[in-house]
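Comments concern the structure below.
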Amino acid sequence: EASRGMADESHTILLVQYNVQLGSRCYHDFEGRSLALDYLLGIYEKELKRLNPGSKSITYDIADVHGYLDQLSDVACLEFDSSLGAYVPRRKPWLKDQLIKHLQQQAEEDGE
């Protein structure tokens, strides 16, 4: 969705609240959407490793990632839209959709 001034690699601020404690809120900024999505996948993979310390390899699918996002107290992002000169808020359902597209793109690139 590169409508108007929104490029896939627009500055993106990821907002995460890991649990109900307000102290678990944090933000991370990235030069582009794909880096923010990679970060989200990375925190999920770290959680899988923490929960399965003896496993040499761990596999997951998009439903597992979506389940992880659902158990977070909150997750959203702000993407810079150059045509507006402002950040556009994006909620959890949008992030889930973007993660599907991101993983599909990675799979296509790996298949080439």
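Computed from the coordinates by the stated procedures, all read-outs in this text should not be read as laboratory data. The structure displayed is predicted, hence computed values, not measured ones. So basically every Cβ, Gly included, is an ideal-geometry build from the backbone, and we count neighbours across all protein chains shown.
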Original post:
Under a 5 Å amide H to amide H cut-off, with H placed in plane at 1.01 Å, what residues pair with residue 81 once short-range neighbours are removed?
Top reply: 86, 87, 88
Original post:
What residues have an amide H closer than 5 Å to that of residue 32, excluding those fewer than 5 places away on the same chain, when H is modeled at 1.01 Å from N in the peptide plane?
Top reply: 12
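Rounded to the nearest 20 debye, what is the charge dipole size of the chain about its Cα centre when +1 sits on each Lys and Arg Cβ and -1 on each Asp and Glu Cβ?
I would put it at about 560 debye.
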Subject >> Spacing of the two label points (7 Å from each Cα toward its C-beta) at residue 57 and residue 109, in nm >> reply: 2.2 nm
**OP:** In whole Hz, with x marking every Gly and Pro, tabulate ³J(HN,Hα) for the range 9-22 from phi via Karplus 6.51 cos²θ - 1.76 cosθ + 1.60, θ = phi - 60°.
**Re:** 10, 6, 3, 10, 10, 9, 10, 10, 10, 6, 8, 6, 6, 4
**OP:** Using packing as a proxy for protection, rank 48-60, 91-103, 14-26 so that the peptide with the highest average count of other Cβ atoms within 10 Å comes first.
**Re:** 91-103, 14-26, 48-60
**OP:** Could you state, as a whole-number percent, how many of the C-alpha pairs of the range 47-112 are farther apart than 15 Å?
**Re:** 67 percent
**OP:** Show the residues, 5+ positions off or on another chain, whose built amide H is closer than 5 Å to the amide H of residue 60.
**Re:** none
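With n ≥ 4 as the cut-off for DSSP H runs, can you work out [θ] at 222 nm for the chain, using -39500 (n - 2.57) per run divided by the number of residues, rounded to the nearest 500?
Result for the chain, helices only: -14500 deg cm²/dmol.
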Subject >> Expected-Rg normalisation [2.2 N^0.38 Å, Cα atoms] applied to the chain >> reply: 1.13
**OP:** Please give, to one decimal in nm, the separation of the simple spin-label points placed at residue 46 and residue 83, each 7 Å out from Cα toward the Cβ.
**Re:** 3.6 nm
